[in-house]
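For reference, the structure is listed below as structure tokens.
The values are calculated or read from the model by the stated rules, or taken from the named source; none is laboratory data. Source: prediction; values computed, not measured. With ideal geometry, Cβ positions are generated from the backbone for all residues, glycine too; neighbour counts draw on all protein chains shown. Keep in mind that these areas ignore ligands, DNA and RNA; they rest on the heavy atoms of the full protein, side chains included. Shrake-Rupley method; radii C 1.70, N 1.55, O 1.52, S 1.80 Å.
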Amino acid sequence: MTSSADAVVVGGGVVGASLAFHLASRGMKRVVLCERRFLAAGASGKSGALVRMHYTNEPEARLALASLPYFHHWGDVVGHGSSGFLRTGMIRFVSPDNEANLRSNVEMLRRIGVATSVIGSSDVRALAPYWRADDATVAAYEPESGCADPVATTHAFVARARQLGAEVRLQTEVTEVRVAKGRVEGVTTTGGAIASPVVAVAGGAWGLPLLRSAGVQVALQPVRIQVSVFRRPPELAALHPVCIDGINEMWLRPEGPEWGSTLVGVSQRQEISDPDQAPEGVDAGYVRRARERLARRIPGIADAPMRGGWAGVITITTDGKPVLDRHPEVDGLWFATGDNGTSFKTAPAVGRALAEWITAGRPEIVDLRPFRAGRFAEGAPLVGAHEYGEREAEDTQPRGVSVG
Ligand SMILES: Cc1cc2nc3c(=O)[nH]c(=O)nc-3n(C[C@H](O)[C@H](O)[C@H](O)COP(=O)(O)OP(=O)(O)OC[C@H]3O[C@@H](n4cnc5c(N)ncnc54)[C@H](O)[C@@H]3O)c2cc1C
């Protein structure tokens, strides 16, 4: 094992994996990825892994769009393994009072190159014959979107990074980023010290103590979110699109053998302090709620058997957008945090942009300035011009978190 590196990546989730791959593929010789447990142990292993471009802010849509070729052409772009991408198309429902916002967002997305259009309820019925669609006046459709396998994606990035020379240390927690005279010197880990001029923290909710101890000041809140899986009856066996349903505050995707089940995540917000203490299983109350919500869109699923569920931990910011930046006062320290439950699909471009920044001095593939940590202190949060302001119906407290 080396005790020095050109770069240390903290975290073996999809973002750290993507970054390690991109650093190694850009010719960095000694990349060391440290993961305190195992690959995809955090949010990545629990992800719904929807791959869609429909965001209400252009910078994040650009990240998703720049990531799409990885999912469509994984073998050519990454060169090992698979992301398990399934192209289903994506339908985005919004409440009727958001029709003008939806049209504006589709216009913005088309301008930057996303294949998308506004469709009506008869189009929805053609795309998803057993879905209810009479509650929506319009929806957005993306024919090139779908869903992936988040665990396979993480492993494939890491395997390719290894082939390119990266070293992966599992069960190795980074306990300190060592800094001297305003420069990163390396890290202390449970397996010893590693000297390195570059450290990039992509630790998800588990990485927050490290970021705080390194002086990253952004408000970051870990939140536990749940999903459950329902097996559709035989008459609903046909593959359905992935969907973000702003009317029912949920997202869904096909799941399981022959895609005969539907995975659903309902908007929720359970703030926690220690992600290691958050139960990984699904709560009975959540399952009841998910079934009821899902049946509003797919009535035939009301009596379908529940086949499982799980919970994961994401990190939210006050504007709901990620933070992708370098430390303003510590040379050599980068971080990707505040995933807000929507950062699987953007991980390819995030890893590439950070690798470009680290190796070439600035991100090329996408402009990361909108994601700077300082935006909160500047009073300039990242807010889309036509956000939907969706709110969980029964929430009287702060907004639920819609992931996907
Ligand atoms: C239920 C659920 C559904 C989701 N659905 C979608 C979706 O449909 N589409 C989408 O785009 N996104 C979705 N997301 C969000 C997406 O999964 C996350 O944004 C993404 O996986 C974050 O990846 P990450 O690598 O930043 O963090 P994580 O996957 O959390 O990985 C961080 C890793 O760092 C390790 N680590 C932390 N601290 C240290 C340390 N000090 N030393 C060493 N290792 C450390 C952790 O053990 C962990 O493995 C969903 C998330 C959940 C939970």
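Under a point-charge model restricted to the Cβ atoms of Lys and Arg (+1) and Asp and Glu (-1), what is the dipole moment magnitude of the chain relative to its Cα centre, in debye to the nearest 20?
Once rounded to the nearest 20, the dipole reads 640 debye.
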How much of Y141 can a 1.4 Å solvent probe reach, expressed as accessible area in Å² and rounded to 10? 40 Å²
Considering only DSSP states other than H, G, I, E and B, which GluC sites (Glu not before Pro) in segment 311-372 qualify as loop sites with at most 13 other Cβ atoms within 10 Å? E329, E364
Heavy atoms of the protein only, probe of 1.4 Å, neighbouring chains included. What is the accessible area of R372 in Å², nearest 10? 70 Å²
Work out how much length F38 to T137 would gain on full extension: take 0.36 nm times their residue separation and subtract the Cα-Cα distance, in nm to one decimal. 31.1 nm
Would you work out if segment 94-133 is rounded, prolate or oblate? Take a ≥ b ≥ c from the square roots of the eigenvalues of the alpha-carbon gyration tensor; rounded if a/c is under 1.5, else prolate when a/b is larger than b/c, oblate otherwise. oblate
Counting other Cβ atoms within 10 Å, keep those with at most 12, restrict to DSSP loop, and tell me which chymotrypsin sites (Phe, Trp or Tyr not before Pro) in segment 1-105 are left. F38
What does the charge dipole of segment 123-173 about its Cα centre add up to, to the nearest 20 debye, if the Cβ of each Lys and Arg holds +1 and the Cβ of each Asp and Glu holds -1? 280 debye
Descending semi-axes in Å of segment 249-404, equivalent ellipsoid built from Cα gyration tensor: 34, 18, 15
If you place +1 on the Cβ of every Lys and Arg and -1 on the Cβ of every Asp and Glu, how big does the dipole about the Cα centre of segment 193-327 come out, in debye to the nearest 20? 200 debye
Report, in deg cm²/dmol and to the nearest 500, the calculated mean residue ellipticity at 222 nm for the chain, where each DSSP H run with n ≥ 4 adds -39500 (n - 2.57) and the sum is divided by the residue count. -7500 deg cm²/dmol
Alpha-carbon centroids, segment 1-71 and segment 74-132: separation in whole Å: 24 Å
As I understand it, the value is the acute angle between the Cα axis of helix 150-163 and the longest principal axis of the Cα atoms of the chain; what does it come to in degrees, rounded to 10? 30 degrees
Any idea how far the Cα center of segment 255-304 sits from the one of segment 148-200, in Å? 33 Å
Principal axis box of segment 233-280, alpha-carbon based, largest edge first, Å: 43, 26, 14
I'd like the orientation of helix 58-72 relative to the chain: the angle between its Cα long axis and the longest Cα principal axis, in ° from 0 to 90, rounded to 10. 90 degrees
Extent along principal axes [Cα atoms of the chain; Å; largest to smallest]: 62, 44, 39
If we restrict to alpha carbons, what Rg and Dmax does segment 132-250 come to, in Å? 21.7, 66
Hey, got a sec? Which trypsin sites (Lys or Arg not before Pro) in segment 1-92 land in a DSSP loop and have at most 13 other Cβ atoms within 10 Å? K29
Seen from all sides and averaged, what is the projected area of the convex hull of the Cα atoms in segment 1-123, in nm²? 10.0 nm²
When DSSP assigns beta bridges and you keep just the ones with both residues in the chain, what percent turn out antiparallel, to the nearest 5? 75 percent
Along the charge dipole of segment 274-314, which of P299, A278, W310 sits closest to the positive end, that is, farthest toward it, with unit charges on the beta carbon of Lys, Arg, Asp and Glu (+1, +1, -1, -1)? P299
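Sort D303, D135, D123 by accessible area with a 1.4 Å probe, largest first.
Heavy-atom accessible area, descending, gives D303, D123, D135.
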Which one, L109, A43, S82, is farthest towards the positive end of the dipole of the chain when Lys and Arg carry +1 and Asp and Glu -1 on their Cβ? S82
Excluding ligands and nucleic acids, what accessible area in Å² is computed for V168 using a 1.4 Å probe, to the nearest 10? 30 Å²
I'd like the orientation of helix 14-25 relative to the chain: the angle between its Cα long axis and the longest Cα principal axis, in ° from 0 to 90, rounded to 10. 50 degrees
